[in-house]
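The values are calculated or read from the model by the stated rules, or taken from the named source; none is laboratory data. What you see is a predicted model; the values in this text were computed from it and never measured. Neighbour counts run over all protein chains shown; Cβ positions are idealised from the backbone, glycine included. Each accessible area value is taken on the protein alone, full model and side chains, heavy atoms only, with ligands, DNA and RNA left out. Shrake-Rupley method; radii C 1.70, N 1.55, O 1.52, S 1.80 Å.
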Amino acid sequence: MDRKTMFFNWNDSRTQIDLSEITCKTNNIRICDLDLPDENTLIKIEHSGLTTLLDFTNSADFQVLYLTKENWIVGGSYAVNNLSGFILQTQEKFILIMKYVYQLNLTSVEGNEGKSKIEKLLSNKS
């Protein structure tokens with residue numbers, strides 16, 4: 001698994017986060033089977049199919065961002081598990097997943113630094 005720092009673009013803004021990068025060559029990915037680090041992970045999809053299924057069943061909760069090859073954010077989702085599990089389908093070939101941290105206490109300072117940077121980026125109305 002490669003570790004790197006990348007810039008992500010939204011409207012007229014950019015932010016930099018540290019992440020690990022993995023490559024998947026299948027169109028059905030079980031997230032719980034991936035050996036993900038505690039930080040943010042960029043999944044590069046390398047198969048010829050039109051769509052990829054991301055199965056989050058039995059995994060941690062994640063925030064998911066869909067990216068272009070140039071790291072422009074083109075969409076996002078939350079993958080929050082329940083008793084039935086959770087599956088997302090996408091046509092994007094670059095997917096950033098970040099552990100989702102619930103903030104039950106509004107004064108809590110817990111959270112993922114990369115998640116905070118992306119949330120700030122997405123809230124920027126340019």
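Key figures for this structure:
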quantity	calculated
Selection from the range 82-103 of residues that are in a strand (DSSP E or B), within 21 Å of Asn27 (Cα to Cα) and either open to solvent by less than 60 Å² (accessible area, probe 1.4 Å) or of a type in the set (Asp, Glu) (or both)	Leu88, Thr90, Phe94, Ile95, Leu96, Ile97, Met98
Restricting the range 69-81 to residues that are open to solvent by less than 30 Å² (accessible area, probe 1.4 Å) and either assigned to a loop (DSSP other than H, G, I, E, B) or among the aliphatic types (A, V, I, L, M) (or both), the residue that is nearest to Phe8 (Cα to Cα)	Asn71
Any hit, the range 45-54, residues being more than 22 Å from Lys4 (Cα to Cα), in contact (Cβ under 8 Å) with a residue 12 or more places away in the chain and within 12 Å of the chain's Cα centre (by Cα)	yes
Selection status of Lys125, open to solvent by 60 Å² or more (accessible area, probe 1.4 Å), modelled with pLDDT of 75 or more, assigned to a loop (DSSP other than H, G, I, E, B) and not hydrophobic (A, V, I, L, M, F, W, C)	no
